[in-house]
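Taking it in order: structure first as structure tokens, then the write-up.
The values are calculated or read from the model by the stated rules, or taken from the named source; none is laboratory data. Computed from a predicted model, the values in this text were never measured in an experiment. Every residue, glycine as well, gets a Cβ built from its backbone with ideal geometry; the counts of neighbours run over all protein chains shown. Quick note on the areas: whole protein, heavy atoms, side chains included, nothing else; ligands and nucleic acids left out. Shrake-Rupley method; radii C 1.70, N 1.55, O 1.52, S 1.80 Å.
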Amino acid sequence: MATNEPEKMKKKLRSWDWFGRKDKDGILYRSWMKNQGMPTDMFDGRPVIGICNTFSELTPCNAHFREHAEAVKRGVLEAGGFPVEFPIMSLGETLLKPTAMLFRNLASMDTEESIRGNPIDGVVLLTGCDKTTPSTVMGAASVGLPTIVVPGGPMLNGRYKGELIGSGTHVWKFDEAMKTGKMTQEECEVAESCMSRSIGHCMTMGTASTMACMVESLGLTLSGAAAIPAADSRKKVMAQLSGRRIVEMVREDLTIDKILTREAFENAIKVNAAIGGSSNFLIHLIAIAGRIGVDLELDDFDRLGSKIPLLLNLMPSGKYLMEDFYYAGGLPIILQELADQLHKNVITVTGKNHHENIEGKHECHNSDVIASLQQPLIENAGCVVVKGNLALNGAVIKPSAATPALMKHTGRAVVFESIEDYNARVDDPDLDIDETCVMVLKYVGPVGYPGMPEVGNMALPKKILQKGILDMVRISDGRMSGTAYGTAVLHVSPESAIGGNLALVQDGDLIELDVEQRKLHLHVDDAELARRKNEWEQPARRATRGYVSLYIDHVMGADKGADLDFLRGSSGSQVTRDSH
């Protein structure tokens, strides 16, 4: 009978405010749950664990999550908890138009309100495809309950004609090969099947893998969770163990705010640099920090991460894939290599710090995949923040995925006024462009697109590719897929759609990029910029109703994490009023 206060708890469980009631509302809350076949003793005060499932067949990376949810439930039941699974909006990077990033904040709202409004004491986040990780963590952070993340796992390695092929990374390579006549359409169709041959997310160090490593480095997963392939039975074991652990976390009152400290964020920045993580890491980590009350800025990433060496030899910055990373030892090896540079007093979901978690688990099994700190792959690998009159609030470049010879470059701007303009003209034989030019794409930022899509790594003109040139300097206020590569200056802020100086660039202007000096400069004097600004007309608003209109009105700049201004911070978990 639901008559006894929950025992062995440091404080009363919030679910008791639903199921422990002895009035009309208590009858309401318990009775309808019983239609699923739940016995009365399930409502005896045991911890109720919400399993936040981002499963969707329209999110291929997460299409296996029903099995993961069942594994988590087994763990919750074994530990004496009461598991309840609930869905939220799932963001499929490969299918969702105009970009999944447009809906990250919406999914975070879905997560936040689903957790807060229901009788949940602790939450397990099932995450995989790019935005499903930051969106759910943002939402959970704004509530503040005990939270553990179960990453969905990468696909098995792709292979085509005996060679490793990486999801995402080889999309760009196959496209280039088809444009230059090195691959037929029929060959491409075979290769794309070889690239995605199992359940899971991209197996390169794209954004999905970066996010999995991010949550592990933040301390939100069990140790070693990030790299286990989705098809490996040990992934289900990790899910089951996570189900057990979240019940213990509720009993210990180990809430997410006790884990997501300033020191945890600084650790994550250093780890991301060492693994060659996606540039999208910056925008998502800033957004998460904003929800938990940690003041994280772009300059922190440069200060803390830009001098960290690259230790992980994974595409797009290297040659291996996530399956190889797992067999080599996974993220615990990276944490061990960086041990002297990481904060040691940072608690994780285990109740211990990283150093305690990896004790006895840090033997590297393949030094070609994971390099040592003494012999790194690249000396300075973390994302760099460049500033100047073209990016007053900053822009981002990922050196480990760029061409060293282009890290200091001055070139003539070739400007595309929109993504449609780019698509229409990029392969025009009469386009006035050569490999020394700087490609500029406007109006693809948070407000301008809207949603800030992954178009910043613009494909080079066909006539440039046919000369054997595979990289040029490219600048935009958009993002780049974590699986992509190239000398792309991204996240330019302020963005062009709100009148940032990127909007004022014209064909023929000289643009100077100097990564070492952290410089991005448009060689146009202030008087001329002022004249152009006076003549500039803001593009027509792309939505006047619904969520997209709300997004346009409230989205902050890329340098602020592109969250909605009214979502920063948290509202806690308390709900004082009943529904009937």
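Looking across the stretch 441-486, just one residue is within 23 Å of residue 97 (Cα to Cα), among the acidic types (Asp, Glu) and touching a Leu at 6+ places or on another chain (Cβ under 9 Å), and that is 477. Based on this model, can you work out whether residue 101 counts as crowded, with 24+ Cβ neighbours inside 10 Å, farther than 22 Å from residue 258 by Cβ and either touching a His at 6+ places or on another chain (Cβ under 7 Å) or aliphatic (A, V, I, L, M) (or both)? Taking the combined requirement at face value, the residue satisfies it. Every test in (1) surrounded by fewer than 18 Cβ atoms within 10 Å (Cβ to Cβ); (2) in contact with a helix residue (DSSP H, G or I) (Cβ under 8 Å, 6 or more places away or on another chain) is passed by residue 562 save one, and that test is (1). Of all residues in the stretch 31-51 being touching a strand residue (DSSP E or B) at 6+ places or on another chain (Cβ under 7 Å) and not in a loop (DSSP other than H, G, I, E, B), which is surrounded by the most Cβ atoms within 10 Å (Cβ to Cβ)? For the stretch 31-51, the residue satisfying everything is 49. Within the stretch 154-176, identify whether any single residue is aliphatic (A, V, I, L, M) and farther than 27 Å from residue 325 by Cα, and answer yes or no. Within the stretch 154-176, not a single residue is aliphatic (A, V, I, L, M) and farther than 27 Å from residue 325 by Cα. Only one of the numbered conditions (1) exposed (fewer than 15 other Cβ atoms within 10 Å of the Cβ); (2) in a loop (DSSP other than H, G, I, E, B); (3) of a type outside the set (Asp, Glu); (4) more than 30 Å from the chain's Cα centre (by Cα) is violated by residue 527, and that is (2). The residues on offer are 512, 495, and the sole one that is in contact (Cβ under 8 Å) with a residue 24 or more places away in the chain and touching a Gly at 6+ places or on another chain (Cβ under 6 Å) is 495. In summary, helices (runs of 4 or more DSSP H) completely within the stretch 328-438 and bearing 3 or more residues that are at pLDDT 95 or above and open to solvent by less than 10 Å² (accessible area, probe 1.4 Å) occur at 331-337. If I ask for residues that are hydrophobic (A, V, I, L, M, F, W, C) and either at positive phi or part of a loop (DSSP other than H, G, I, E, B) (or both), which ones from the stretch 292-327 would you list? Within the stretch 292-327, 294, 296, 308, 311, 315, 321 meet the criteria. Tell me the residue from 486, 468 that is part of a loop (DSSP other than H, G, I, E, B) and within 13 Å of residue 439 (Cα to Cα), please. Checking each option against the conditions leaves just 486.
When residue 169 is evaluated against the numbered criteria (1) open to solvent by 10 Å² or more (accessible area, probe 1.4 Å); (2) in contact (Cβ under 8 Å) with a residue 40 or more places away in the chain; (3) out of contact with any strand residue (DSSP E or B) (no Cβ under 8 Å at 6 or more places or on another chain), which criterion, by number, is the only one it fails? For residue 169, the failing item is (1). The set of residues in the stretch 540-580 that are assigned to a loop (DSSP other than H, G, I, E, B), of a type outside the set (A, V, I, L, M, F, W, C) and in contact with a Gly (Cβ under 7 Å, 6 or more places away or on another chain) comprises 561, 563, 568, 569, 570, 572, 573. Looking at residue 368, is it within 30 Å of residue 331 (Cα to Cα), of a type in the set (Asp, Glu) and touching a residue at least 12 places away in the same chain (Cβ under 8 Å)? It is true that residue 368 is within 30 Å of residue 331 (Cα to Cα), of a type in the set (Asp, Glu) and touching a residue at least 12 places away in the same chain (Cβ under 8 Å).
Figure legend. Inter-residue proximity from the stretch 40-58: first residues without any contact (Cβ under 8 Å) to a residue 40 or more places away in the chain, second residues open to solvent by 10 Å² or more (accessible area, probe 1.4 Å) and of a type in the set (Ser, Thr, Tyr), beta-carbon distance below 9 Å, spacing 6+ or different chains. Indicated pairs: 56/90; 58/90. Annotation note: Cβ proximity below 9 Å between a residue of the stretch 456-472 that is over 19 Å from residue 169 (Cα atoms) and a residue that is open to solvent by 20 Å² or more (accessible area, probe 1.4 Å) and outside any loop (DSSP other than H, G, I, E, B) (sequence gap 6+ or interchain) occurs for 466/179.
Candidates are the residues of the stretch 221-266 that are of a type in the set (Lys, Arg) and more than 21 Å from residue 338 (Cα to Cα); the one that is farthest from the chain's Cα centre (by Cα) is 251. Elements of the type helices (runs of 4 or more DSSP H) sitting completely within the stretch 81-193 and holding at least 2 residues that are modelled with pLDDT of 95 or more and within 14 Å of the chain's Cα centre (by Cα): these cover 104-116, 132-141.
Among the residues of the stretch 439-456, those identified as open to solvent by less than 20 Å² (accessible area, probe 1.4 Å) and assigned to a loop (DSSP other than H, G, I, E, B) are 442, 444, 445, 446, 448, 450, 451, 452, 453, 456.
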